[in-house]
Amino acid sequence: MKKGKLTELEIACLKGMLDIDAEVTAMAEQLGRSVASIAKTVDRIRQEAARAELFINKAAGGQEGISVMTEAASVRGDTARDRASSQEPAKTSSRAQWVHKIRSDG
């Protein structure tokens, strides 16, 4: 069984196997790796794919450098904003004890 970090080629193979809905155990057997390391990498690949679905970073012609928010990202941002506004605002008076004025006239 191989040890160490997965190579880019192995990660590309995993992405291909994910597209055809292969089992994690079959992926590990095919690549000669442990099931735990393959499962960890598969989880990371799925998280990156979910994150990539929130924003469109390429134009139709393949040019990169743009960013368009999808509806899912917009909803996610709105719920985060609602959660933050529902919490009590921080008290600014607690900062007063740390503020020191050198001159009383200025």
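The values are calculated or read from the model by the stated rules, or taken from the named source; none is laboratory data. If you're wondering where the values come from, they're calculated on a predicted model, not measured in any experiment. Ideal geometry is used to build each Cβ from the backbone, glycine not excepted, and the neighbour counts take in all protein chains shown.
General observations
- Qualifying residue in region 79-88 (condition: small (Gly, Ala, Ser) and modelled with pLDDT of 75 or more): yes
- For region 39-65, a residue qualifies if it is touching an Asp or Glu at 6+ places or on another chain (Cβ under 9 Å) and outside any strand (DSSP E or B), and exactly one does: Thr41.
- Pairs with Cβ under 8 Å, 6+ apart, first in region 4-28 and farther than 13 Å from Thr41 by Cβ, second aliphatic (A, V, I, L, M) and modelled with pLDDT of 90 or more: Thr25/Val35; Ala26/Met17
- Residue that is exposed (fewer than 12 other Cβ atoms within 10 Å of the Cβ), touching a Leu at 6+ places or on another chain (Cβ under 8 Å) and not aliphatic (A, V, I, L, M), where the choices are Arg46, Arg33: Arg46
- Check on Glu10, part of a helix (DSSP H, G or I), more than 29 Å from Ala73 (Cβ to Cβ) and in contact with a Leu (Cβ under 6 Å, 6 or more places away or on another chain): yes
- The C-beta contact set for region 40-56 (first residue without any contact (Cβ under 8 Å) to a residue 12 or more places away in the chain, second residue surrounded by 11 or more Cβ atoms within 10 Å (Cβ to Cβ), distance under 9 angstrom, 6+ apart or interchain) comprises Ala49/Lys15; Ala49/Leu18.
- Among the residues of region 13-38, those that are under 30 Å from Ala72 (Cα atoms) and not in a helix (DSSP H, G or I) comprise Ile20, Asp21, Ala22, Glu23.
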